[in-house]
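Q: Once you've had a glance at the structure underneath, I'll fire off some questions.
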Ligand code: PMP
């Protein structure tokens with residue numbers, strides 16, 4: 001045995017098959033991937049312009065201190081630059097938080113089901129994972145609180161939750177934060193926040209002033225359309241961020257990803273447009289599932305989850321027709337695509353239902 005024993009209880013993350021592989025396997029000319037909650041409209045065209053300007057800098061290390069992007073993002077969020085930590089995707093921020101905070105004496109509390117990486121990194125660090133079942137697809141904060149004890153180092157709240165798309169409102173989150181001991185960190189993962197329209201969605205940035213144990217995660221992979229660049233970030237109080245930085249690799253985000261993220265951030269018109277399109281796409285699926293009497297979780301994100309028993313069968317069937325979605329043991333999650341992509345998927349989903 002070469003690795004820590006607890007690692008052998010896990011499986012390496014295996015993303016779904018790339019579109020090219022599915023095309024080859026089924027002899028298809030085209031594949032529509034609606035599996036990973038990416039932006040079907042790509043990213044702002046301003047990103048391409050900015051990237052052209054930096055081709056002479058490939059031999060130089062990126063700015064490990066992320067000075068420019070920290071300044072611009074801090075200004076956008078109305079926080080201080082030293083409240084930000086960047087990672088190779090929010091994935092890496094989850095890893096850094098886990099590495100910096102967890103030991104084998106600790107436990108984490110999270111929902112079940114939720115984003116897989118919280119538990120994954122807790123297990124790698126030897127910490128105990130306490131999963132608390134969702135109620136109607138929503139985090140059950142009272143039951144989660146009941147699981148918190150003196151050894152609970154992190155509570156993970158995915159808001160909106162992946163894969164259900166459901167959300168926790170402001171009042172409930174604040175009540176929870178008021179009851180959690182200050183020695184327990186509450187990490188609110190807002191990877192899909194740009195898509196949210198609910199008026200009672202928590203304003204976590206303003207809550208950071210009141211709760212020093214709160215950390216917020218966000219990413220440029222989803223609405224900003226930069227998943228392949230791998231850049232996400234954490235927001236917290238500056239002292240904690242300083243400490244988390246110790247666990248960060250020196251040059252963990254590339255110069256290209258920083259430049260792309262700044263350009264994308266500065267084109268909020270593009271984001272607004274994508275969010276509007278997403279809303280229309282969501283309505284396509286809602287109308288379809290309503291007309292079939294099929295229940296789905298109300299989603300604030302760019303995906304929709306439908307509970308189905310034959311999820312694997314449906315996944316395979318759609319795959320053979322050139323549509324990649326995500327199958328879970330208890331249902332399917334579909335990323336909202338362009339209007340045409342949604343129409344196509346719905347057309348192929350009909351006979352399977
Ligand atoms: N958090 C949630 C809830 C996610 O769904 C994802 C991506 N699937 C991530 C974090 C990680 O995103 P990335 O590493 O691409 O920023």
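Q: Tell me, please, whether a residue that is out of contact with any strand residue (DSSP E or B) (no Cβ under 7 Å at 6 or more places or on another chain) and farther than 23 Å from residue 153 by Cα can be found in the range 215-223.
A: Scanning the range 215-223, I find at least one residue that is out of contact with any strand residue (DSSP E or B) (no Cβ under 7 Å at 6 or more places or on another chain) and farther than 23 Å from residue 153 by Cα, so the answer is yes.
Q: For residue 201, all conditions in the list (1) within 16 Å of the ligand (Cβ to nearest atom); (2) more than 21 Å from residue 77 (Cα to Cα); (3) surrounded by fewer than 20 Cβ atoms within 10 Å (Cβ to Cβ) hold save one; what is the number of the exception?
A: (2)
Q: Can you spot a residue in the range 80-96 that is under 20 Å from residue 248 (Cβ atoms) and surrounded by fewer than 17 Cβ atoms within 10 Å (Cβ to Cβ)?
A: Yes, the range 80-96 contains a residue that is under 20 Å from residue 248 (Cβ atoms) and surrounded by fewer than 17 Cβ atoms within 10 Å (Cβ to Cβ).
Q: Since residue 230 meets every condition but one in (1) crowded, with 16+ Cβ neighbours inside 10 Å; (2) away from the ligand (no atom under 16 Å from the Cβ); (3) under 24 Å from residue 55 (Cα atoms), which condition does it not meet?
A: It is condition (2) that residue 230 fails.
Q: What are the residues in the range 204-221 that are within 21 Å of the chain's Cα centre (by Cα) and either over 21 Å from residue 239 (Cα atoms) or away from the ligand (no atom under 16 Å from the Cβ) (or both), if any?
A: 205, 206, 207, 208, 213, 214, 219, 220, 221
Q: If residue 257 passes every condition in (1) in a loop (DSSP other than H, G, I, E, B); (2) farther than 17 Å from residue 99 by Cα; (3) within 19 Å of the chain's Cα centre (by Cα) but one, which one does it miss?
A: Every listed condition holds for residue 257 apart from (1).
Q: Of the conditions (1) surrounded by fewer than 19 Cβ atoms within 10 Å (Cβ to Cβ); (2) within 30 Å of residue 24 (Cβ to Cβ); (3) touching a residue at least 12 places away in the same chain (Cβ under 8 Å), residue 307 fails just one. Which one is it?
A: Here residue 307 meets the rest and fails (2).
Q: Quick test of your reading of the structure: residue 158 fulfils all but one of (1) more than 12 Å from the chain's Cα centre (by Cα); (2) under 24 Å from residue 274 (Cβ atoms). Name the failing condition by number.
A: The number of the failed condition is (1).
Q: Out of the range 97-120, which residues are in contact with a helix residue (DSSP H, G or I) (Cβ under 7 Å, 6 or more places away or on another chain) and more than 12 Å from the ligand (Cβ to nearest atom)?
A: Once the filter is applied, which keeps residues that are in contact with a helix residue (DSSP H, G or I) (Cβ under 7 Å, 6 or more places away or on another chain) and more than 12 Å from the ligand (Cβ to nearest atom), the range 97-120 yields 98, 99, 100, 102, 108, 109.
Q: While we're here: If you check 352, 264, which single one turns out to be touching a helix residue (DSSP H, G or I) at 6+ places or on another chain (Cβ under 8 Å) and within 26 Å of residue 167 (Cα to Cα)?
A: Only one candidate passes the filter, namely 264.
Q: Say we look at the range 161-178 and pick out the residues that are within 24 Å of residue 96 (Cβ to Cβ) and more than 16 Å from the chain's Cα centre (by Cα); which of these is surrounded by the fewest Cβ atoms within 10 Å (Cβ to Cβ)?
A: 176
Q: What are the residue pairs meeting all of these: first residue in the range 206-227, first residue at positive phi, second residue near the ligand (Cβ under 10 Å from one of its atoms), Cβ atoms under 9 Å, and 6 or more apart or on different chains?
A: 225/38
Q: Also, I was wondering about something else. Consider residue 221 carefully, then state whether it is modelled with pLDDT of 95 or more and surrounded by fewer than 18 Cβ atoms within 10 Å (Cβ to Cβ).
A: Here the answer is no, as residue 221 does not meet what is asked.
Q: Next up: Looking at the range 24-34, which of the residues that are assigned to a loop (DSSP other than H, G, I, E, B) and more than 16 Å from the ligand (Cβ to nearest atom) is nearest to residue 342 (Cα to Cα)?
A: Checked the range 24-34; the qualifying residue nearest to residue 342 (Cα to Cα) is 31.
Q: Follow-up question, since we're still on this one. Please go through the range 322-346 and give me each residue that is out of contact with any strand residue (DSSP E or B) (no Cβ under 7 Å at 6 or more places or on another chain), in a loop (DSSP other than H, G, I, E, B) and touching a residue at least 40 places away in the same chain (Cβ under 8 Å), ordered by number.
A: Answer for the range 322-346, where residues must be out of contact with any strand residue (DSSP E or B) (no Cβ under 7 Å at 6 or more places or on another chain), in a loop (DSSP other than H, G, I, E, B) and touching a residue at least 40 places away in the same chain (Cβ under 8 Å): just 338.
Q: Restricting to the range 140-172, give me the number of residues that are within 16 Å of the ligand (Cβ to nearest atom) and farther than 23 Å from residue 13 by Cβ.
A: Of the residues in that region, 3 qualify.
The values are calculated or read from the model by the stated rules, or taken from the named source; none is laboratory data. The model shown is predicted, which means the values in this text are computed figures rather than measured ones. Cβ atoms come from the backbone with ideal geometry, glycine included; neighbour counts cover every protein chain shown.
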